[in-house]
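The structure appears below as structure tokens.
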């Protein structure tokens, strides 16, 4: 239980940029260091956590903690994941007016932005590799991203249509293999 709490406390403490930025640290801790999930299980959990309502970090902590130690493990992981961010938010809220408009602080946060982009980009490539996305099927996520970005198609619609297409493709593959 303590290991779960400390692992997620570390993840929550050293991640800037929200849920997606924590994926590399979480993957390293949960898959490589602790062995609580395989790479494939982690990828599936990330997909599920993204699709579920709520905060990504809490969804991941809940599922991994529950899988490892049941309900008490889920609670330990959740508390660990949110403890430091809550403290930081409270401190920022207390001192926000003192830093508001401070050019040095604004520059600091502008400097952090590229690092956050890199932190989010790295797991995208790792997840693409684990999901077996290759040059032959990379058009699918690219098309989805372009539909959302350029045509403002709802991500919910993209997810629903992708799920239906995946289901239909799976049924087609099963039908094709049963005929062989």
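The values are calculated or read from the model by the stated rules, or taken from the named source; none is laboratory data. Please read these numbers as outputs of a predicted model, since none were measured by experiment. Note: ideal-geometry Cβ built from the backbone for every residue, glycine included; neighbour counts use all protein chains shown.
Things to note:
- Unique match (being touching a residue at least 60 places away in the same chain (Cβ under 8 Å) and surrounded by 11 or more Cβ atoms within 10 Å (Cβ to Cβ)) among 84, 88: 84
- Among residues that are surrounded by fewer than 12 Cβ atoms within 10 Å (Cβ to Cβ) and either in contact with a strand residue (DSSP E or B) (Cβ under 6 Å, 6 or more places away or on another chain) or outside the structural domain of residue 25 (by TED's automatic domain parsing) (or both), residue 97 is not included.
- Any hit, segment 119-136, residues being more than 21 Å from the chain's Cα centre (by Cα) and either surrounded by 10 or more Cβ atoms within 10 Å (Cβ to Cβ) or closer than 30 Å to residue 10 by Cα (or both): no
- Scanning segment 116-141 for residues that are free of Cβ contacts under 8 Å to residues at least 40 places away in the same chain, closer than 25 Å to residue 25 by Cα and in a helix (DSSP H, G or I) yields a count of 8.
- Annotation: of all residues in segment 157-180 being closer than 21 Å to residue 53 by Cβ and at pLDDT 90 or above, the one that is surrounded by the most Cβ atoms within 10 Å (Cβ to Cβ) is 158.
- Within segment 153-180, residues that are part of a helix (DSSP H, G or I) reach partners that are surrounded by 10 or more Cβ atoms within 10 Å (Cβ to Cβ) with beta carbons closer than 8 Å, at six or more positions or on different chains, in the pairs 155/148; 158/144; 158/147; 158/148; 159/51; 162/140; 162/144.
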